[in-house]
Each structure stands twice: as structure tokens, then as C-alpha cells.
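The values are calculated or read from the model by the stated rules, or taken from the named source; none is laboratory data. Being a predicted model, the structure only gives us computed values, none of them experimental. Using ideal geometry, Cβ is built from the backbone for each residue, glycine included, and neighbour counts are taken over all protein chains shown.
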Amino acid sequence: MKVSGFTFIRNAVKNDYPVVEAITSILPVCDEFIVALGDSDDDTEKLINDINSPKIKIIRTVWDTGVRDGGKVFADETDKAFNAIAADSDWAFYIQGDEVVHEKYLPLIKQEMQDNLTDTKVEGLLFKYLHFYGSYDYYGHSRRWYRREIRIVRNNKAIHSYRDAQGFRLDGRKIQVKLIDAYIYHYGWVKPPSGLANKLRNFNQFYHDDAWMAQNLPETFTFDYSHKNPDRLLHFTGTHPAVMQKRLAATNWSLDLDLKELDKKMSFRRKVLQKIEDLTGWRVSEYRNYKIVKK
């Protein structure tokens, strides 16, 4: 069994993406790792090269910054990386620049790839998610946060990234996947307020035109942690991946958010739906960008 990892990245230093942690977290289960390196104006290339792994292969790309169609450029860059993986690889393990896998899940992930290698009904593996918000101590747990997404797919070039790299499709249809008991730790919203303001401005320029940006995210925009309205935050009692420990130690801000007031903002309808999910595990009317295979 051969496994290729892949990702895309641009201006990781400027935007403070934990892309090194993302790559190194899954590198042990990959035979090669493709990085689609966008035309950065910082030291992102040095950041990747300093990982110093013979498994890593960089392909240089140029982002079409004129494309502001719902983040389509992210899917385009994902496809560039996916199309560059070795022809003889069986599985392709996708990770985004703000996602990390805990080392405790690697044996299970490798076993799931091995166990499903010859089962052609399984076209991908579906991961669970923890979305950390504001700090490393809290994660979002409500209908505002997606619970699952595809992160491993077969090396089938009919597969392509969907919308804004939300997931994958095969010839336009949803992929058949197996849900595995492994989590992706998403750290995109773990930054100080200044970092999140910068994130929102840089991220939204690939979704909206200049007029929208000027009105909603002007140069003077400042971020507060209620801006995204995380809906409900839970205290994280587990451990973070080993590759993230240096970032945790360097934390120099605190979460400025009243969690009780946050709960009060939920509508009655959302509270009822959340209660159903908490009691049964069923998320009513959940959008699924995949089809789970019954085994």
C-alpha cells in the first residue's frame, strides 16, 4: 500500500498557518507528500524546506487572485496538488494548512486504509472534527460547525475538490466513504484578535469583491471573539498533538468571551435541535457532502 499526502499553501508565514505542524502530523503514514506552493511573498518556501524530509515534493503554482467565486481558487489549488501525486499511490491523504492529526490516531488511520484497500465500494475515508476557537482550551460544538469531512480519497483522477475545497466529488457525484474514529484538529480560529482580523481579510478576498470588502472588512476592522458567533463552546479536556506543543507554549493571549452569554444567544429552535443532537447523536437536516457506506 502506497500513500501520498497533499496540501496547498500560500503566505503561511504572513498568515501564521500551522502548515508545518499539519504536514508533519501525517508524514509518518505517507510515502510522499506533495505541497502545492502558491506564489508567496514571504518565507513560506523556506518554512516547507526546513521540514527537511525526502518525502516532500514542492510544485510551484500561481494563484488566480481574480477568481472570487465562492473560494473556487482553494479547490483549484487542491486539485493541482492531488493531480501531482505518484501514479502508483493507492490513497491520497489531504490536509489543509490549519488542520492537524493527533499522533494517537495514526495507527488506526493506517489500519483503515489497509483494511479498505480492496473494497472498491469505499472511495474515501471520513474524519470527525474538533474546531478549536479563540484558544486551545475551547472548541465549537454546535450546528454552526461541520462535524465531518473527507480527508482520504483513492488515487482516482476523476476525483476533484469541491466548491472551496470543502470536500471531494467523483465525476460530479458525492463520494462513498467510510466514517472512521479519528479526528482532524482544526486550528484556523486559534489566533489573537489581530491575527483573526488579518485572517478574515485575507480569506474573504477570495469570496467577495472589493466593494463588499470595503464595507464589511475595511482596513480599520478589528476582531472580537463574538464576531463569528461560535454559538456554543465546550472546554477541551484532552491533549493536543505533539507537533502543536511549541505553539501552545507560545500562547500570549486569552479568550475574551462570556460563555454563558454566548449560550443565551442561541435561539429556542437551535437549542432544541442541539439538545436532540446531544442526546441521540443525530444532527437534524445535516448537510452531508458524502455518502456513508453501510458495512
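Per-structure values
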read-out: Residues of region 1-20 that turn out to be of a type outside the set (Ser, Thr, Tyr) and assigned to a loop (DSSP other than H, G, I, E, B), as a count; value: 10
read-out: Any hit, region 264-286, residues being under 30 Å from Gly124 (Cβ atoms), in a loop (DSSP other than H, G, I, E, B), modelled with pLDDT of 90 or more and among the aliphatic types (A, V, I, L, M); value: yes
read-out: First in region 81-106 and polar (S, T, N, Q) and at pLDDT 95 or above, second anywhere and part of a loop (DSSP other than H, G, I, E, B) and surrounded by fewer than 17 Cβ atoms within 10 Å (Cβ to Cβ), Cβ under 7 Å, 6 or more apart; value: Asn83/Lys157; Ser89/Lys2
read-out: Residue that is nearest to the chain's Cα centre (by Cα) [pool: residues in region 252-295 that are of a type in the set (Gly, Ala, Ser) and within 28 Å of Asp224 (Cβ to Cβ)]; value: Ser254
read-out: Strands (runs of 3 or more DSSP E) contained entirely in region 138-216, each with at least 2 residues that are of a type in the set (Ser, Thr, Tyr); value: 138-140, 159-162, 176-189
read-out: Check on Thr220, assigned to a loop (DSSP other than H, G, I, E, B) and in contact (Cβ under 8 Å) with a residue 60 or more places away in the chain; value: no
read-out: Residue selected from region 145-171 under the condition under 16 Å from Asn289 (Cβ atoms) and among the charged types (D, E, K, R), by the criterion surrounded by the most Cβ atoms within 10 Å (Cβ to Cβ); value: Arg151
read-out: Residue match in region 44-56 (condition: farther than 27 Å from Val190 by Cα, at pLDDT 95 or above and touching a Gly at 6+ places or on another chain (Cβ under 9 Å)); value: yes
read-out: Filter result (outside any loop (DSSP other than H, G, I, E, B) and in contact (Cβ under 8 Å) with a residue 40 or more places away in the chain) within region 21-57; value: Glu21, Ala22, Ile23, Thr24, Ser25, Ile26, Pro28, Val29, Glu32, Ile34, Val35, Ala36
read-out: Output for region 146-168, where each listed residue is without any contact (Cβ under 8 Å) to a residue 24 or more places away in the chain and of a type in the set (Lys, Arg); value: none
read-out: Residue in region 201-223 that is surrounded by 12 or more Cβ atoms within 10 Å (Cβ to Cβ), more than 29 Å from Glu77 (Cβ to Cβ), among the basic types (Lys, Arg) and modelled with pLDDT under 95 present; value: no
read-out: Verdict on Leu108 being within 21 Å of Lys2 (Cβ to Cβ), exposed (fewer than 14 other Cβ atoms within 10 Å of the Cβ) and among the aliphatic types (A, V, I, L, M); value: yes
read-out: Answer residue from region 224-257, given it is polar (S, T, N, Q) and under 24 Å from Val19 (Cβ atoms) and is modelled with the lowest pLDDT among those; value: Asn252
